[in-house]
1. Compute the helix-to-body angle for 198-211: its Cα long axis versus the longest principal axis of the chain, expressed 0 to 90° and rounded to tens.
2. So what is the relative contact order of the range 203-326, in percent, for Cα pairs below 8 Å that sit 6 or more residues apart?
3. Summarise the accessible area of the chain (1.4 Å probe, protein heavy atoms) by the percent that is carbon and sulfur.
4. What residue among GLY22, LEU123, GLY111 has its Cα farthest toward the positive end of the dipole of the chain, where the charges are +1 on Lys, Arg and -1 on Asp, Glu, each on the Cβ?
5. Provide the FRET efficiency to the nearest 0.05 for the GLU240-ASN183 pair, computing r from the beta carbons and using R0 = 22 Å.
6. Leaving out same-chain residues fewer than 8 places away, which lysines sit with a Cα under 23 Å from that of LYS95?
7. How far is helix 114-129 tilted, in degrees, relative to the longest principal axis of the Cα atoms in the chain, given as a value from 0 to 90 rounded to the nearest 10?
8. Taking 8 Å as the Cα distance limit and 6 or more residues as the minimum spacing, I'd like the relative contact order of the chain as a percentage.
Amino acid sequence: MKVTFSAPGKITIFGEHAVVYGRPAIVGSIDKRIYVTMERRNDNCIKILAEDLSFKGLSIKIGDRIEVEANDRILEALKYIVKAIEIASEYINEKSGMNISISSEMPVGAGLGTSAAITVATLAAYSYILGHELSLNEIAKLGHTVELTVQGIASPMDTTISTFGGLIYLMPNVGFEQLSLNNELDLILGHVKRDESTAKMVKKVREIKERNEKIIEMIMSSIGAIAEEGKWAIIKGDVEKLGLLMNINHGLLESLGVSTKLINDMVYASRNVGAIGAKLTGAGGGGCIIALCPGRKKEVSLAIKLVGGNPMDFKLSMEGLKRHNTQLL
Ligand code: PMV
């Protein structure tokens, strides 16, 4: 049997990093997805192919422990696949070798939630092929456990949005609500290479927080307040307010030390040609920005290019985790 599951990437409109400390966040799934195809093998080998992630291949034997010995930039993404298989095997109490191939419609490890998308699609495909159709709630929960294990610290934000899709207002430890937009938002992504992993950036913020507890707590609270106000701006369709809140959120992320010169260049270049809001999206240390630019997508794309970034047009999309073809071989 061969099956493909796909899961979407995401943009964080408000609240990255603060969500790790229990503050609310607003996050939306996008029309760029990760595809995970699995085929059951007759042995105990996990073979992973991910050519378009510039990773040629890896073969691992599963025994009681799965261990990867690869020294590649893509190792980061592989950790999530391996951990997802370990955790799914334990949960359904079954295991088998698999041929796995992964492809992506977006840059991996750039702050677009690709680790979460790889994780939830892997959990779903692996358990499905072994005869267990897990519910979305089960997958989101297991996905969070995978991220926690790999990263050490993680909020449920990315795994929730990648599983359920939509535009959600997330309150960690409470739940989430789906928001709806009156009109589509004109958004552009700007991408630059990111050298740091999400885990590293989250740890960096924790260190700053430990050394400046009172001040950083106030910054986290302010980011939480922005997400709360942002929710009302979305409900009312107040695009100007959304833009302003994005700009304030970016300033606060900058104060946490997670922005970079190139990220700031893209943010300012976008604003200079008419974006009403622009901010880092994701853990930072490079990666992506989002610019809210009604009627100015072309100008903003060009401005991002001129400062050395890669502009990407995209849309928010409602679609979460999805099963595609199932082939009985
Ligand atoms: O960079 P990404 O897409 O992995 O997003 C990380 C978001 C953080 O808030 C920084 C971490 C988390 O677990 O929520």
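The values are calculated or read from the model by the stated rules, or taken from the named source; none is laboratory data. Please read these numbers as outputs of a predicted model, since none were measured by experiment. Quick reminder, even Gly has a Cβ in these numbers, built from the backbone with ideal geometry, and neighbours come from all protein chains shown. These accessible areas exclude ligands, DNA and RNA; they are computed on the full protein's heavy atoms, side chains included. Shrake-Rupley method; radii C 1.70, N 1.55, O 1.52, S 1.80 Å.
1. With rounding to tens, the tilt is 50 degrees.
2. Rounded, it is 18 percent for the range 203-326.
3. Accessible surface attributable to carbon and sulfur in the chain totals 50 percent.
4. Farthest towards the positive end: GLY111.
5. Efficiency for this residue pair is about 0.95.
6. LYS2, LYS47, LYS61, LYS79, LYS83, LYS141, LYS322
7. 30 degrees
8. It comes to 26 percent, rounded to a whole number.
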